[in-house]
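The next block holds one structure in the form of structure tokens; read it before the comments.
The values are calculated or read from the model by the stated rules, or taken from the named source; none is laboratory data. None of the values given here were measured: they were computed from a predicted structure. Reconstructed Cβ throughout: ideal geometry from the backbone, glycine too, with neighbour counts over all protein chains shown.
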Amino acid sequence: MEEQTIKFLDKLFKLLIILVAGILLFLASQIIFQSKLLEQQSGNQFTVSGQGRVYVKPDVAIVNLGVKTEASTVDQVTKNNTEKINAIIQAIKDLGIDEKDIQTTNYNLSPLYNWTEVNGRVFEGYVLNQNISVKIKDFTKIGDVLAQSTSKGANQVDNLQFTIDNPEELRNQAKAKAIEQAKANAESLAKASGIRLGELINIYETYDSPVSYKMAEGMGGSDMIITPNIQPGQQEIVVTINLTYRIK
């Protein structure tokens, strides 16, 4: 009885070894097959790129205006800051800027400390920063908005940028040019290398954002109003298209 049990276990062990070996062999063959398939697929692909450019004059200017005030008490710093920012907003409205194009973007009140070697950190009062964003559609008013704002107490003027109110249509024009150029490049390269293009299997698009024009802080507080001459220039909308084809 014991001898039969040993023989049975021996056969079972050999069977398990054969089964495990078969599974490992199958997995190895699948790995080799998939790697060869990937090599064939990557080798049968052809990628080209094209770039489309559209030049346009901006139709909207956006500028960030702010007031930074310091005082010994919360009431005083709030009063000083609010009076200045309200005067700035009213001056902008008086220039014909619609109220919906003026938006508060920041209101930050925090304690003000100073460090000294003798006393360490010393409380000196409070600082209040308040910022508004102004959208200007009439470019002849840009200089007046900046000049009036600084004369009313704006001491933070930055991130003046020119943009396009509806860029999608222009972006589509640039995209069409990029696709046309990419297709022409594909046909030219295929003809030169003697290959035949198959189906289009992938399209990848990138879009370059226009660069904004920045102004520095600390422009406010002057009694003399000097209107700056701001030039919007033109913007370049650039779309790059990558097309991937199969090779027949």
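For region 90-171, the strands (runs of 3 or more DSSP E) that sit wholly inside it and include 2 or more residues that are surrounded by 16 or more Cβ atoms within 10 Å (Cβ to Cβ) and modelled with pLDDT of 95 or more are 120-136. Within region 81-110, residues that are assigned by TED's automatic domain parsing to the domain that holds Thr69 have Cβ atoms under 8 Å from residues that are part of a helix (DSSP H, G or I) and of a type in the set (A, V, I, L, M, F, W, C) in these pairs: Ile92/Val145; Leu95/Val145; Ile97/Val145; Ile102/Ile89; Ile102/Ile92; Leu109/Val74; Leu109/Val77, counting only partners at least 6 apart in sequence or on another chain. Selection of region 197-248 for residues being at pLDDT 85 or above and of a type in the set (Lys, Arg) yields only Arg246. Summed over region 68-116, residues that are within 28 Å of the chain's Cα centre (by Cα) and among the polar types (S, T, N, Q) total 5. The sole residue among Glu205, Glu199 that is touching a residue at least 24 places away in the same chain (Cβ under 8 Å), loosely packed, with under 13 Cβ neighbours inside 10 Å and touching a Ser or Thr at 6+ places or on another chain (Cβ under 8 Å) is Glu205.
Of all residues in region 41-89, exactly one satisfies the criterion of being crowded, with 19+ Cβ neighbours inside 10 Å and hydroxyl-bearing (Ser, Thr, Tyr), namely Thr69.
For region 187-195, check the following and say yes or no: at least one residue is part of a loop (DSSP other than H, G, I, E, B), under 30 Å from Lys248 (Cα atoms) and at pLDDT below 90. There is at least one residue in region 187-195 that is part of a loop (DSSP other than H, G, I, E, B), under 30 Å from Lys248 (Cα atoms) and at pLDDT below 90.
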